[in-house]
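Right, one structure below, let's go through it.
Coordinate-derived values only; no laboratory data. Keep in mind that what you see is a predicted model, and the values were worked out from it rather than measured. Every residue, glycine as well, gets a Cβ built from its backbone with ideal geometry; the counts of neighbours run over all protein chains shown.
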Amino acid sequence: MLPYILLGDNNIKDSVYFEQELEKQVAYASVKSVDDGLTLLDFLNKRSWKDLPSMILINYDLQGMKASDIFRELLMDNRYAGIPKIVWGATSDCDEVARCKQMGASLYLKKPDAPIEMEGVVRQIDSILKTELSIG
């Protein structure tokens, strides 16, 4: 099974742009998308150890739950400890970004305003994945 990124985002356009750009730049990984917080947690809870994502990318203001609440839930299960967790969004709320980091997010990325800007975001994610997966 290819490594995959679990993307939690209720903005369909952003999800599609991300998946398209990842497909262009990152041949060794795929994306599985969900559009709300409860579905994301349910998806993870149904996975075995060997079928967990290589990264979790969550929209800051995911439908049904804020990213910090999702990260708090993930902290309660050691299965997710080694998985890089990234939050992205358009927020400038420093307190919420800090809460996400306190709950285990390793990085906050500004969500691209235009599809063309997605290239830089995917480059960052590619770099993190390569480090995590020990891909040269």
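Quick one: LEU2 ticks every box in (1) surrounded by 18 or more Cβ atoms within 10 Å (Cβ to Cβ); (2) in contact with a Ser or Thr (Cβ under 8 Å, 6 or more places away or on another chain); (3) not small (Gly, Ala, Ser) except a single one, so which number is it?
For LEU2, the failing item is (1).
Starting from residues that are part of a strand (DSSP E or B) and of a type outside the set (A, V, I, L, M, F, W, C), keep the ones in segment 5-33 and report whichever is surrounded by the most Cβ atoms within 10 Å (Cβ to Cβ).
GLY8
Going residue by residue through segment 78-90, is there one that turns out to be among the aromatic types (Phe, Trp, Tyr) and either closer than 16 Å to LEU2 by Cβ or in contact with a Ser or Thr (Cβ under 9 Å, 6 or more places away or on another chain) (or both)?
Within segment 78-90 (the criterion being among the aromatic types (Phe, Trp, Tyr) and either closer than 16 Å to LEU2 by Cβ or in contact with a Ser or Thr (Cβ under 9 Å, 6 or more places away or on another chain) (or both)), the answer is no, since none of the residues qualifies.
Only one residue in ILE83, ILE70, ILE125, ILE116 is under 18 Å from VAL16 (Cα atoms) and within 14 Å of the chain's Cα centre (by Cα), so which one is that?
From the options ILE83, ILE70, ILE125, ILE116, the qualifying one is ILE125.
Residues of segment 1-60 being over 14 Å from the mean Cα position of the chain (by Cα), touching a residue at least 60 places away in the same chain (Cβ under 8 Å) and within 25 Å of ALA81 (Cβ to Cβ), which ones?
Hits for segment 1-60 are VAL26, TYR28.
Tally time: how many residues in segment 34-56 are in a strand (DSSP E or B) and either surrounded by fewer than 19 Cβ atoms within 10 Å (Cβ to Cβ) or of a type in the set (Phe, Trp, Tyr) (or both)?
So the answer is 0.
Looking at segment 57-78 only, could you name the residues that are assigned to a helix (DSSP H, G or I) and of a type in the set (Val, Ile, Thr)?
Answer for segment 57-78, where residues must be assigned to a helix (DSSP H, G or I) and of a type in the set (Val, Ile, Thr): just ILE70.
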